[in-house]
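To keep things clear, I will list the structure first and then write my remarks on it.
The values are calculated or read from the model by the stated rules, or taken from the named source; none is laboratory data. The shown structure was predicted, so the numbers you read here are calculated from the model rather than taken from an experiment. Neighbour counts run over all protein chains shown; Cβ positions are idealised from the backbone, glycine included. Surface accessibility is based on the protein's heavy atoms, side chains included, excluding ligands, DNA and RNA. Shrake-Rupley method; radii C 1.70, N 1.55, O 1.52, S 1.80 Å.
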Amino acid sequence: VQLQASGGGLVQPGGSLRLSCAASESIIRFNVMGWYRQAPGKQRELVASITRGGSTNYADSVKGRFTISRENARNTLSLQMSNLKTEDTAVYYCAADVARSGKYTYWGQGTQVTVSS
């Protein structure tokens with residue numbers, strides 16, 4: 001399985017971006033999909049996740065600003081980011097399919113999001 005993340009870029013504080021993650025095969029079989037991010041000098045953190053049934057989970061820092069969604073027909077995971085802040089600057093990674101270990105099985109290559117004036 002290959003995951004291709006895209007949509008990152010440079011945006012001013014208060015702006016919006018939409019990240020997409022295209023999967024090489026059907027995402028219906030993935031029990032959970034998620035977005036992580038890693039800022040320079042910091043550990044990778046979970047931003048948002050969504051189950052096969054559509055239940056979502058968000059980090060407190062992005063609640064009310066980010067929306068995760070999955071489009072099964074297009075095999076795509078998305079992250080709509082609004083009211084971006086400088087602290088949202090990071091490399092964003094998509095991930096799919098949580099194993100029994102609790103860890104994600106598949107990872108995308110990452111897309112850079114920079115929030116700066």
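Restricting to region 77-117, what's the tally of residues that are open to solvent by 10 Å² or more (accessible area, probe 1.4 Å) and assigned to a strand (DSSP E or B)? Matching residues across region 77-117 total 12.
Of all residues in region 1-51, those being of a type in the set (A, V, I, L, M), surrounded by 13 or more Cβ atoms within 10 Å (Cβ to Cβ) and more than 15 Å from the chain's Cα centre (by Cα) number 2. The conditions of being open to solvent by less than 40 Å² (accessible area, probe 1.4 Å), at pLDDT 95 or above and more than 15 Å from Q112 (Cα to Cα) are met by A59. Among strands (runs of 3 or more DSSP E) entirely within region 1-70, having at least 3 residues that are in contact (Cβ under 8 Å) with a residue 40 or more places away in the chain singles out 3-6, 9-11, 17-23, 32-38. Give the residues of region 71-100 that are in contact (Cβ under 8 Å) with a residue 60 or more places away in the chain and of a type in the set (G, A, S), sorted by residue number. Result: S78, S82, A95, A96.
In this entry, R65 passes the filter for residues that are surrounded by fewer than 19 Cβ atoms within 10 Å (Cβ to Cβ) and modelled with pLDDT of 95 or more.
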